[in-house]
Ligand code: GAR
């Protein structure tokens, strides 16, 4: 049984989708949702889904072992970043080698790095006149969006698409693939 913590900073629609996907699988349990925003909507979802959710400040993440202590206390052995906007600190990277994955809403290595998250990514894709975008699921290392790529999927970007239309297509890909990719990594 793999015990997962999902890290999320915002709405948490991916977090919810992952929780629902694994609800009937005996070999994975989502045991904790971790956020850096105490008013993020992901906490409402966690309540509905009956999953504990906790908030830590940026300085808790960056300069203390509080987050790690919480993960160890909850016997977490795999971490999924689903719309989590802080850099993962070194203590977590060392404690969870190759056990932290992230989803990015574009085709890395394009449109990655600091400041490239959520709608900023889709706006940049549209502004550049790209003809396609997509999702990248990758391992997390010490640099934003640079860990080894596990999976990518593409969608077309039409000349008439607005950034929120691109966002919708990308979210659809996320919901379709993210749980299955996690499943592929963790299935016994
Ligand atoms: C998702 O599209 C995810 O790919 C993106 O934030 C969104 C969160 O949506 N992540 C990043 O931009 C990370 N750089 P959600 O809170 O509804 O799951």
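Coordinate-derived values only; no laboratory data. What you are looking at is a predicted structure, and each value in this text was computed from that prediction instead of being measured.
Quick one: of the DSSP bridges fully inside the chain, what percent are antiparallel, nearest 5? Present the calculation step by step, with values, prior to reporting the outcome.
Details: 11 of 27 bridges.
Here the antiparallel bridges make up roughly 40 percent for the chain.
Beyond 14 Å, how much of the Cα-Cα pair distribution for the range 120-168 remains, as a whole percent?
When every Cα pair of the range 120-168 is considered, 53 percent fall beyond 14 Å.
Under 8 Å for C-alpha pairs, at least 6 residues apart: give me the relative contact order for the range 1-67, rounded to a whole percent.
Working: 99 pairs, mean separation 22.2, N = 67.
Once divided by the residue count of the range 1-67, the mean separation gives 33 percent.
Would you calculate a helix-derived [θ] at 222 nm for the chain, using -39,500 (n - 2.57) for each DSSP H run of n ≥ 4 and dividing by the full residue count, to the nearest 500? The partial results should precede the final answer.
On the way: 7 runs with 72 residues, N = 188.
The helix contribution divided over the chain gives -11500 deg cm²/dmol.
Output needed for the range 78-188: three equivalent-ellipsoid semi-axes, defined as square roots of 5 times the C-alpha gyration tensor eigenvalues, in descending order, whole Å.
Details: eigenvalues 127, 50, 19 Å².
With the √(5λ) rule applied to the range 78-188, the semi-axes are 25, 16, 10 Å.
So what's Rg/Rh here for the chain, counting alpha carbon atoms and using the Kirkwood radius for Rh?
Values: Rg = 16.0 Å, Rh = 16.7 Å.
Ratio of gyration radius to Kirkwood radius: 0.95.
Stick to the Cα atoms of the range 1-95, pair each with every other, and give me the Kirkwood hydrodynamic radius in Å at one decimal.
Working: mean 1/r = 0.0757 Å⁻¹.
Its Kirkwood hydrodynamic radius stands at 13.2 Å.
Would you compute, for the Cα atoms of the range 64-127, the largest minus smallest coordinate along each principal axis and list the three values in descending order, in whole Å?
For the range 64-127, the Cα extents along the three principal axes come out at 45, 20, 17 Å.
In whole percent, what relative contact order does the chain give with Cα contacts below 8 Å and a gap of six or more residues? Can you show the working numbers first?
Values: 342 pairs, mean separation 37.4, N = 188.
Answer for the chain is 20 percent.
Please work out the Cα center distance from the range 19-69 to the range 105-124, rounded to the nearest Å.
After rounding, the separation between the Cα centres reads 24 Å.
So what is the relative contact order for the range 97-188, in percent, with contacts set as C-alpha pairs under 8 Å and at least six apart? Please report the intermediate quantities before stating the final value.
Numbers: 140 pairs, mean separation 27.4, N = 92.
Normalised by residue count, the contact order of the range 97-188 is 30 percent.
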